[in-house]
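Only the coordinates and a few stated rules stand behind these numbers; no lab work does. Everything quoted here is computed from the prediction, not taken from an experiment. Glycine also receives a Cβ, built like all others from the backbone with ideal geometry; neighbour counts cover every protein chain displayed.
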Amino acid sequence: MDMLTASDIKELNDKIHQESAFIDLLRLETSKAIVGQKYMMDRLLLGLLAQGHILLEGVPGLAKTLAIKTLATS
């Protein structure tokens, strides 16, 4: 088994940072409209990235519809 060197790890970390930059931008854009729902937004993004189905339930007034609309337009 080949051992990873420090430069291999740095290169991998740089690639991960580069490829995930759009997630940070998406979080930034959605946080302008959705405040205090970071956990929900993270789960929505996770579901979308995994190409899965998302069932969003909760009591009225938790910005579920606004979250979906904001994510769709971001």
Check your understanding: Given the conditions (1) of a type outside the set (Gly, Ala, Ser); (2) assigned to a loop (DSSP other than H, G, I, E, B); (3) surrounded by 13 or more Cβ atoms within 10 Å (Cβ to Cβ); (4) without any contact (Cβ under 8 Å) to a residue 24 or more places away in the chain, which single one is not true for residue 55?
Key -> (3)
Practice item. Say whether the condition of being surrounded by fewer than 10 Cβ atoms within 10 Å (Cβ to Cβ) and out of contact with any Phe, Trp or Tyr (no Cβ under 6 Å at 6 or more places or on another chain) is met by at least one residue in segment 40-48. Key: no
Check your understanding: For residue 14, are the conditions met, namely being in a helix (DSSP H, G or I), more than 15 Å from the chain's Cα centre (by Cα) and among the acidic types (Asp, Glu)?
Key -> yes
**Study point:** Pairs where the first residue, in segment 18-45, is among the hydrophobic types (A, V, I, L, M, F, W, C) and the second is surrounded by 10 or more Cβ atoms within 10 Å (Cβ to Cβ) and not in a helix (DSSP H, G or I), C-beta under 7 Å, 6+ apart
**Key:** 26/74; 34/63; 41/34; 44/54
Review point. How many of the residues in segment 26-42 are closer than 18 Å to residue 69 by Cβ and in a helix (DSSP H, G or I)?
Key: 10
